[in-house]
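J.: One structure coming up, written as structure tokens, with questions to follow.
The values are calculated or read from the model by the stated rules, or taken from the named source; none is laboratory data. All figures in this text were calculated on a predicted structure; none of them were measured in a lab. Here Cβ is always computed from backbone atoms with ideal geometry, including for glycine, and neighbour counts include all displayed protein chains.
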Amino acid sequence: MEQADRLVHGTAAGGTVRCMAAVTTRLVAEAAERHAVSPTVAAALGRTLTGTLLLGSSLKELDRLTVQIVCEGPLGGITVETNARGEVRGYVRHPEVAAGLNADGKLDVRAIVGEGMFYVTRESGYDIGLYTDPYRGSVPLVSGEIAEDFAYYLTKSEQIPSAVMLGVLMRASDEGETYVAAAGGLMIQIMPGADEKTVAAIEASVSRAPHTTALISEGASPTDILHAALGELEFEQLGERLVSFACPCSYERAVSLISSIDRAELESMLREDKGAVMNCHFCNETYRLDEAQLEGILSER
Ligand code: ZN
């Protein structure tokens, strides 16, 4: 039985190192299935979903974090959003694009991402109307492989030197269908005051650590992943939470959105389309209102 998706965060070296790791196999598989993506896009979207969850591991209630990659490669872009409950959702502009394997025999994510920008938005209070000015940071993409881009963002924009590993392992079933066999990642952030010896030890142990997805496919938990990455360095686990793909859209919300459209447009939808169709970008759910439902909305005006 495949383990549940979860995220662990902790500190080491007297609080001068923050570390987090996540197993995200199920949620990446769900995102890949919802958006009917190619294997290369599954890797790009899965890495971004995991990286965003890790970046959001210290979010407080009512906080929302959005990572957006806008790129010139055929993928076009990736948008992922997460909250303090460990819920994450995301989509790409062109789910069908694909590339072969790169020189390392891995899915060539860089080939579909290419050059572009990496944006992070931190907001709070949106859901209850207590909305404060969002924090926004951006850096150019330095790699297109996603993990390095998260690390570069943290180092440049938030002044937190970081090591980031993100992985999605795709396998082929007996029927020849590719599926997400393992997904997850880790993030190690060096805070001010960390001593050089600790940093050097972390760099050495991270470089020796096995691939995150190799560990996960053998059943490793987020805590195991942190042990593998931190080696001798002990860490204190501060929290653990379940993480999942979740989108707050619903049929009721779709109806209320359609109810807010002006009368002339509703009448033309009724005349020309005999109904209304709404698609949620984030989770690719489609909501349909038939003729009678649209007439009902109009007559309630
Ligand atoms: Zn949705």
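Yes or no, residue by residue, for (1) on the phi < 0 side of the Ramachandran plot; (2) touching a Gly at 6+ places or on another chain (Cβ under 8 Å); (3) of a type in the set (S, T, N, Q):
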site	(1), (2), (3)
Arg18	yes, yes, no
Thr24	yes, yes, yes
Ala36	no, no, no
Arg47	yes, yes, no
Thr50	yes, yes, yes
Ser58	yes, no, yes
Val70	yes, yes, no
Glu81	yes, yes, no
Glu87	yes, no, no
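J.: Just need a number here: residues in the stretch 108-131 that are closer than 18 Å to Gly77 by Cβ and in contact with a Ser or Thr (Cβ under 9 Å, 6 or more places away or on another chain).
T.: So the answer is 11.
J.: Just give me the residues in the stretch 186-229 being closer than 14 Å to Ala147 by Cβ, small (Gly, Ala, Ser) and touching a strand residue (DSSP E or B) at 6+ places or on another chain (Cβ under 6 Å), in sequence order.
T.: Residue satisfying the conditions is Ala229 alone.
J.: Return the total of residues in the stretch 232-266 being assigned to a strand (DSSP E or B), away from the ligand (no atom under 16 Å from the Cβ) and either of a type in the set (Gly, Ala, Ser) or more than 23 Å from Asp5 (Cα to Cα) (or both).
T.: 1
J.: From the set of residues in the stretch 99-151 that are among the small types (Gly, Ala, Ser) and either under 16 Å from the mean Cα position of the chain (by Cα) or not in a loop (DSSP other than H, G, I, E, B) (or both), which is nearest to Thr40 (Cα to Cα)?
T.: Per the criteria, the residue is Ala111.
J.: Counting just the residues of the stretch 57-84 that are polar (S, T, N, Q) and touching a His at 6+ places or on another chain (Cβ under 9 Å), which one comes out farthest from Leu238 (Cα to Cα)?
T.: Top of the filtered list is Thr79.
J.: Only one of Gly73, Gly105 is modelled with pLDDT under 95 and either surrounded by 24 or more Cβ atoms within 10 Å (Cβ to Cβ) or more than 16 Å from the ligand (Cβ to nearest atom) (or both). Can you tell me which?
T.: Gly105
J.: Also, quick follow-up: Can you go through Val37, Val41, Val8 and tell me which one is in contact with a strand residue (DSSP E or B) (Cβ under 8 Å, 6 or more places away or on another chain), outside any helix (DSSP H, G or I), modelled with pLDDT of 95 or more and over 30 Å from Ala200 (Cβ atoms)?
T.: Val37
J.: Now, a different point. Among the residues of the stretch 83-98, count how many are closer than 30 Å to Gly125 by Cβ, within 16 Å of the ligand (Cβ to nearest atom), in contact with a helix residue (DSSP H, G or I) (Cβ under 9 Å, 6 or more places away or on another chain) and part of a loop (DSSP other than H, G, I, E, B).
T.: The number of residues fulfilling the criteria is 0.
J.: Kindly indicate the residue of the stretch 267-290 that is more than 16 Å from the ligand (Cβ to nearest atom) and acidic (Asp, Glu) and also surrounded by the fewest Cβ atoms within 10 Å (Cβ to Cβ) among those meeting that condition.
T.: Among those that are more than 16 Å from the ligand (Cβ to nearest atom) and acidic (Asp, Glu), it is Glu272.
J.: Hey, Glu265 hits all of (1) more than 22 Å from Glu33 (Cα to Cα); (2) touching a strand residue (DSSP E or B) at 6+ places or on another chain (Cβ under 8 Å); (3) acidic (Asp, Glu) but one; which does it fall short on?
T.: All conditions pass for Glu265, except number (2).
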